[in-house]
1. Would you pick out the residues in the stretch 367-385 that are in a helix (DSSP H, G or I) and touching a Leu at 6+ places or on another chain (Cβ under 8 Å)?
2. Which of the residues that make up the stretch 195-231 are within 16 Å of ligand 2 (Cβ to nearest atom), outside any loop (DSSP other than H, G, I, E, B) and hydroxyl-bearing (Ser, Thr, Tyr)?
3. Looking at Arg192, Arg216, which is the one that is within 14 Å of ligand 1 (Cβ to nearest atom), surrounded by fewer than 22 Cβ atoms within 10 Å (Cβ to Cβ), in contact (Cβ under 8 Å) with a residue 24 or more places away in the chain and over 25 Å from Glu374 (Cα atoms)?
4. Kindly list, by first and then second residue, each pair from a residue in the stretch 145-156 that is on the phi < 0 side of the Ramachandran plot and within 12 Å of ligand 3 (Cβ to nearest atom) to a residue that is among the polar types (S, T, N, Q) and not in a loop (DSSP other than H, G, I, E, B), limited to pairs with Cβ atoms under 8 Å and residues at least 6 apart or on different chains.
5. Any idea which of (1) buried (at least 22 other Cβ atoms within 10 Å of the Cβ); (2) within 16 Å of ligand 2 (Cβ to nearest atom) is the one Ile254 doesn't satisfy?
6. Give the residue that is surrounded by the most Cβ atoms within 10 Å (Cβ to Cβ), with candidates limited to residues of the stretch 169-179 that are within 16 Å of ligand 2 (Cβ to nearest atom) and part of a loop (DSSP other than H, G, I, E, B).
7. Checking the condition within 16 Å of ligand 2 (Cβ to nearest atom), in a helix (DSSP H, G or I) and closer than 21 Å to Met162 by Cβ, which residue from Gly122, Gly99, Gly75, Gly140 passes?
Amino acid sequence: MSLIVQKYGGTSVGTPERIRNVARRILETQQAGNQVVAVVSAMAGVTNNLIKLADEVTGSAQPSEREMDVLLATGEQTTIALTAMALHSMGAKAVSLTGAQAGIVTDGVHTKARISNITPHGVHELLDAGNIVILAGFQGKTRDGNITTLGRGGSDLTAIAMAAAIDADLCQIYTDVDGVYTCDPRVVPGARKIDEISYDELLEMASSGSKVMQSRSVEFAKKFGVTFEVRSSLNQNPGTLVKEETMSMESVVIRGVSLERAQAKVTIGGVKDLPGTASRIFGAVAGANILVDMIVQNVSKTGITDISFTVPKDDVAKAEAALRPVLAELGEGVTLEAQDGIAKLSAVGIGMRSHSGVAAEMFKALADAGVNIEMISTSEIKISVTVAEGDIDRAANVVHEAFGLGAL
Ligand code: ADP
Ligand code: ASP
Ligand code: MG
């Protein structure tokens with residue numbers, strides 16, 4: 001008998017019929033002689049609607065993040081109950097659990113909480129009594145009992161973390177595509193499903209916009225060595241296996257291309273080129289729990305320089321508020337400018353480590369397509385550029401093509 005954790009995302013449970021489909025699949029897995037913990041997300045669109053409602057009742061004020069979590073957790077709580085009911089109607093034994101009931105304890109950073117520990121005693125007892133456990137994704141509680149959520153896409157993290165905590169034999173992430181593709185198939189129609197991908201590659205892809213997996217969940221899987229499979233809830237096709245890298249994986253130079261829309265560039269101009277400047281700026285942004293992405297500092301000729309960085313467009317107001325007090329400290333003439341309408345394109349592959357000329361190839365493909373590159377950053381296994389948001393689909397297609405990713 002195997003212990004299996006399955007996760008079904010929002011589209012997979014998006015309608016009553018889809019919930020029944022998921023319930024059938026879960027039941028079949030149990031009937032094949034396994035114990036099953038099924039993590040479910042909010043039904044498609046529900047989380048976005050809840051966020052919209054919060055905006056509507058607060059007007060121009062920011063909603064309280066604690067209350068935001070109380071609100072957002074209801075999305076998943078609805079789905080666990082409905083999935084358990086669907087299973088009951090099929091004659092199965094099933095019990096739904098919220099994140100808190102399953103012992104998922106997090107820190108207190110509301111809306112982006114990190115799991116600090118999981119004590120899943122109740123889960124084992126329920127499984128041993130023959131139940132299917134339906135677990136709410138995306139949520140936990142703090143030590144003092146406040147409801148938290150784990151950041152957008154956080155049900156992936158619930159599944160991976162629970163698989164690690166109960167030492168599951170298998171972790172399957174069911175979604176609305178057949179697996180991880182060489183690029184988002186909605187943008188690049190010729191994208192191909194990847195059979196195997198390393199944690200590091202998927203982590204880079206996820207953190208640069210391939211939202212098929214939440215990046216923090218991949219980070220967690222790597223840390224705890226949780227091998228998992230991404231596959232479709234709508235068919236039986238084999239998916240993508242995500243695991244520690246192997247020698248053969250290195251023969252592929254570029255594994256995939258990611259894109260991220262709705263980015264903004266923040267530029268702090270006229271700062272003195274002195275020790276401590278960057279530390280103050282990024283200390284303030286980090287203090288507001290904003291993830292900074294690409295950072296560029298110009299060479300100073302006169303002792304004065306500019307520092308630019310990208311943040312999600314939605315975080316610009318928060319970043320500006322966090323930086324305002326710092327600007328005054330940095331001296332007179334320091335300016336802050338924010339520009340949105342930017343998107344990021346990244347090419348990722350562990351094989352890049354031992355190949356030169358990859359960046360040049362990417363830049364040539366973009367140049368030939370007349371796409372202007374605004375910022376560039378590289379890591380050992382990733383090259384990212386920012387382009388105008390209106391160019392991003394074309395940019396993704398030409399770079400995907402240039403690296404031959406669609407070819408079989
Ligand atoms: P779920 O609700 O199951 O968590 P998501 O919407 O979060 O599903 O993720 C699946 C979606 O991710 C796909 O429909 C696809 O459009 C998008 N996506 C982005 N990049 C990729 C990629 N490289 N491979 C597969 N899907 C991708
Ligand atoms: N419902 C949450 C979201 O939409 C979590 C998830 O789907 O993974 O972000
Ligand atoms: Mg998701």
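The values are calculated or read from the model by the stated rules, or taken from the named source; none is laboratory data. Keep in mind that what you see is a predicted model, and the values were worked out from it rather than measured. All Cβ positions, even for glycine, are placed from backbone atoms using ideal geometry, and neighbour counts span all protein chains on display.
1. First pass over the stretch 367-385, keeping only residues in a helix (DSSP H, G or I): 367-368.
Residues satisfying the conditions do not exist here.
2. Ser207, Ser215, Ser217
3. The conditions single out Arg192.
4. If the second residue must be among the polar types (S, T, N, Q) and not in a loop (DSSP other than H, G, I, E, B), the pairs left are Leu150/Thr106; Leu150/Gln139; Leu150/Thr158; Arg152/Thr47; Gly154/Gln139; Gly154/Ser217; Asp156/Ser217.
5. Condition not satisfied by Ile254: (2).
6. It comes out as Val177.
7. Values: Gly122 fails: within 16 Å of ligand 2 (Cβ to nearest atom); Gly99 fails: in a helix (DSSP H, G or I); Gly140 fails: in a helix (DSSP H, G or I).
Matching residue, one of Gly122, Gly99, Gly75, Gly140: Gly75.
For every residue, the table says whether it meets (1) of a type outside the set (Val, Ile, Thr); (2) within 27 Å of the chain's Cα centre (by Cα); (3) surrounded by fewer than 17 Cβ atoms within 10 Å (Cβ to Cβ).
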{"position": "Ser258", "(1), (2), (3)": "yes, yes, no"}
{"position": "Gly269", "(1), (2), (3)": "yes, no, yes"}
{"position": "Asp293", "(1), (2), (3)": "yes, yes, no"}
{"position": "Ala319", "(1), (2), (3)": "yes, yes, no"}
{"position": "Gly331", "(1), (2), (3)": "yes, no, yes"}
{"position": "Ile342", "(1), (2), (3)": "no, yes, no"}
